[in-house]
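Engineer: Take this structure, written in C-alpha cells, and hold onto it; I'll ask about it next.
Every read-out reported here was derived from the displayed coordinates using simple, explicitly stated rules and does not represent laboratory data. Quantities reported herein were computed from a predicted structural model and do not represent experimental measurements. Cβ coordinates were reconstructed from backbone atoms using ideal geometry, including for glycine residues, and neighbour counts include every protein chain displayed.
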Amino acid sequence: MLKKMKQYRFLFTELVKRDFTKKYKRTILGMAWSILSPLMNLLIMWLVFSHFFGNNVNHYTIYLFAGQIVFTFFTDATNLGMSALVGNAGIFTKVNIPKYLFLFSQNVSALINFGLTLLIFFAFTAADHIPFTWKFLLLLYPIICLVVFNVGLGLILSALYVFFRDMQYLWGILTQLIMWMSAIFYSIDTYSQTARNLFLLNPVYLYIRYFRKIVIDGTIPTPQFHALAAAYALLAFGVGAWMYKRYNHEFLYYV
C-alpha cells in the first residue's frame, strides 16, 4: 500500500486539493466555514444545554467543545468516505488505479478541517485558564487512532454503499444514535460503574473521553484504555481493508 501511495503521490495530492476546495466551492466565506461552522454549533449547543447539564461539569464549554470536534471529525470523515467510490466511479472504471486513494483523500480533507478546529479548541482552552502541560502531546494518540478508525470505517461504508444505496440513510440514523451515546453534552459520572463501562463500547465516546481526561482532568488514561482505543482502530481498518481486497473487482460492476 505504501509503495502504491508513493507511486500515485501526485494523483493523491491532486485528489486532496480537489476534495478540500470542492467543499467550499462558490461560497463567499470559503475556508472560513471550517472555523465558523463548529463555533456556531458550539454556541447553539452551549446555549441549549449549559443550563441543564453544565452546572455539575467543570469547564463545561471545553467539555462540550471536546466532544463536538471529535464527533464532527468522525461524521465528516465517514460521510465523505462513504461516497468515495460511487462519487469517483467515472475515474477508476476507466483507469486502473488503487480505489482506496479516493477514500484516503477524503479523510485527509476531513483531517485538515479537524486541524483548523483544533487550533480554535486550544484557544478556548487557554481562555478558560486551563494550563497547557506536556500531557497535551499525548493527544496525538487518540487523533492517530481516530484517523485509522475513520479510514477503516470509511472503507467499510464505501464498500457497502456500492452494493446497498440504503446505507446513506441507515448511516444517518446510526450517527444520530452514536451522537446521543457519546455523552457530548452531558456527564456520565452519576451513572453506575456498569453503565459507564458500557459507554466504552462506543469508540467515539472513548476518543472523546481521552481528550477530556488529558485537557480537563490533566490525567493520563490507563494502559487498558490505550489498548482499547488502538483495538477499535485496528479492527475497523482490518475489516475495511479485507472488504476492499475481497470485492475489488466487483466494485466495477455495481458503480
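Engineer: Per 0.36 nm of contour for each residue apart, how much would the distance between residue 177 and residue 224 grow if the chain were fully extended, relative to their Cα-Cα spacing? Walk me through the numbers on the way to the answer.
Structural biologist: Working: separation 47, 0.36 × 47 = 16.92 nm, distance 2.55 nm.
Length gained between residue 177 and residue 224: 14.4 nm.
Engineer: Among 168-181, 113-126, 187-200, how do they line up from the highest to the lowest mean number of other beta-carbon atoms within 10 Å? Intermediate values should be presented prior to the final figure.
Structural biologist: Numbers: 168-181: 13.4, 113-126: 16.4, 187-200: 11.5.
Top to bottom by mean Cβ count within 10 Å: 113-126, 168-181, 187-200.
Engineer: Same structure, new question: Ranked highest first by average number of other Cβ atoms within 10 Å, how do 235-248, 154-167, 62-75 line up?
Structural biologist: Working: 235-248: 15.7, 154-167: 20.3, 62-75: 23.0.
Per-residue mean Cβ counts within 10 Å order the peptides as 62-75, 154-167, 235-248.
Engineer: Turning to a different aspect of this structure: Per-residue HN-Hα couplings for region 205-210, Karplus 6.51 cos²θ - 1.76 cosθ + 1.60 at θ = phi - 60°, whole Hz, x for Gly and Pro?
Structural biologist: Karplus values, whole Hz, x for Gly and Pro: 4, 4, 6, 5, 4, 4.
Engineer: Continuing with the same structure: Roughly how many whole Å is it from the C-alpha centroid of region 114-172 to that of region 197-240?
Structural biologist: That distance is 12 Å.
Engineer: Let me ask something else about it. Suppose the chain between residue 36 and residue 133 were pulled fully straight at 0.36 nm per residue; how much longer would it get relative to their current alpha carbon spacing?
Structural biologist: Values: separation 97, 0.36 × 97 = 34.92 nm, distance 2.73 nm.
That works out to 32.2 nm of additional length.
Engineer: For the ranges 101-111, 37-47, what's the packing order if you count other beta-carbon atoms within 10 Å of each residue, average per peptide, and put the highest first?
Structural biologist: On the way: 101-111: 23.6, 37-47: 14.6.
Put in order of decreasing packing, that is 101-111, 37-47.
Engineer: Determine, at each q value in 0.21, 0.22 (inverse angstroms), the log₁₀ of I(q)/I(0) that the Debye formula gives when each Cα of region 85-186 is one equal point scatterer.
Structural biologist: Taking Cα atoms of region 85-186 as identical point scatterers yields -1.26, -1.31.
Engineer: Assign one of three labels to region 105-251, namely rounded, prolate or oblate, based on the Cα gyration tensor with a ≥ b ≥ c the square roots of its eigenvalues; rounded applies when a/c is under 1.5, prolate when it is not and a/b is larger than b/c, and oblate otherwise.
Structural biologist: prolate
Engineer: While we're looking at this one, here's another question. Pop the C-beta distance of residue 119 and residue 49 into the FRET formula with R0 = 35 Å and round what comes out to the nearest 0.05.
Structural biologist: Approximately 0.90, to the nearest 0.05.
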